[in-house]
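Step one of this worksheet: look at the structure below.
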């Protein structure tokens, strides 16, 4: 019988908050309830934002919460070769192109098209505008010349071409429980448009790195926030294109602030370290995120 493998995968670009605590504790609880393995992965592939002091703080917080995990942790920054191999495979399938537009150019293109068509530009499930087709339609020799000239660019997936290769996709959604009840969710990767696979300053973007890492680490159960529910469609697409296994998915509720917004590092949501300094204990954090004693939240 396959031993379940769970993982908590924070980015070291700020302190952990209560939303992270819920995710880490659910992963740990589920691993304990199933006799599974618990992994921690540091998602530091974006070298422009990752900081070693945040990584140290993350591990300190996890130890304080009582989350035990296997060592050493995996750091994305140490595995660029894995992502390069995946990119090469997608490139060989004719699915990757260079995108050169800056944010200003993207915005200008969208404004012009909305004025011409009289219709709003399509947006992804997170509300971001889909990338225009300018670079996808650019002649290959022109894109090559731009790249040779040193023009910064990202690498994007030709989404519609990819969907034609994979056909219909779905995933098994279990929510935040382990009782075996699953929902088959139809995936809609087209809603995300031509997603970034590798950034201008990073060897892999989130969508590519996460599916490669989960496969290489043998992750069987992905337990993460509901804010990533719709992104699973892109992950199933990439898993299928790359011949990677599909884990079981558990998307849990989000912890929100008094205004109903999910907690966020960028908005300065109160961190676990600050709560600890104010006198909170690990048991208090479990109660604050709506968890009972160890194991009670997984049945």
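The residue of the range 22-35 that is surrounded by the fewest Cβ atoms within 10 Å (Cβ to Cβ), among those that are out of contact with any strand residue (DSSP E or B) (no Cβ under 7 Å at 6 or more places or on another chain) and within 12 Å of residue 291 (Cα to Cα), is 25. The set of residues in the range 174-211 that are assigned to a strand (DSSP E or B) and surrounded by fewer than 16 Cβ atoms within 10 Å (Cβ to Cβ) comprises 183, 184, 186. All of 239, 217 fail the test of being more than 30 Å from residue 103 (Cβ to Cβ) and either modelled with pLDDT of 95 or more or out of contact with any strand residue (DSSP E or B) (no Cβ under 6 Å at 6 or more places or on another chain) (or both), apart from 217. Evaluate the range 76-98: report whether one residue or more is surrounded by fewer than 20 Cβ atoms within 10 Å (Cβ to Cβ), in contact with a helix residue (DSSP H, G or I) (Cβ under 6 Å, 6 or more places away or on another chain) and more than 30 Å from residue 147 (Cα to Cα). No: zero hits. Going through (1) within 27 Å of the chain's Cα centre (by Cα); (2) closer than 20 Å to residue 92 by Cβ; (3) buried (at least 16 other Cβ atoms within 10 Å of the Cβ) one by one, residue 130 falls short only on (2). Once the range 242-260 is narrowed to residues that are within 25 Å of residue 33 (Cβ to Cβ) and assigned to a loop (DSSP other than H, G, I, E, B), the residue that is modelled with the lowest pLDDT is 255.
Residues that are under 18 Å from the mean Cα position of the chain (by Cα) and buried (at least 18 other Cβ atoms within 10 Å of the Cβ) were ranked within the range 148-173; the one that is nearest to residue 251 (Cα to Cα) is 171. Residues in the range 163-173 that are assigned to a loop (DSSP other than H, G, I, E, B) and farther than 30 Å from residue 22 by Cα: 167, 168. Could we say that residue 136 is assigned to a loop (DSSP other than H, G, I, E, B), touching a residue at least 60 places away in the same chain (Cβ under 8 Å) and either touching a helix residue (DSSP H, G or I) at 6+ places or on another chain (Cβ under 8 Å) or farther than 23 Å from residue 230 by Cα (or both) here? When the stated conditions are applied, residue 136 does not pass them.
Taking the range 36-63 as the range and being closer than 20 Å to residue 291 by Cβ and surrounded by fewer than 17 Cβ atoms within 10 Å (Cβ to Cβ) as the test, only 63 passes.
The values are calculated or read from the model by the stated rules, or taken from the named source; none is laboratory data. The structure displayed is predicted, hence computed values, not measured ones. We place every Cβ from the backbone using ideal geometry, glycine too, and count neighbours over all the protein chains shown.
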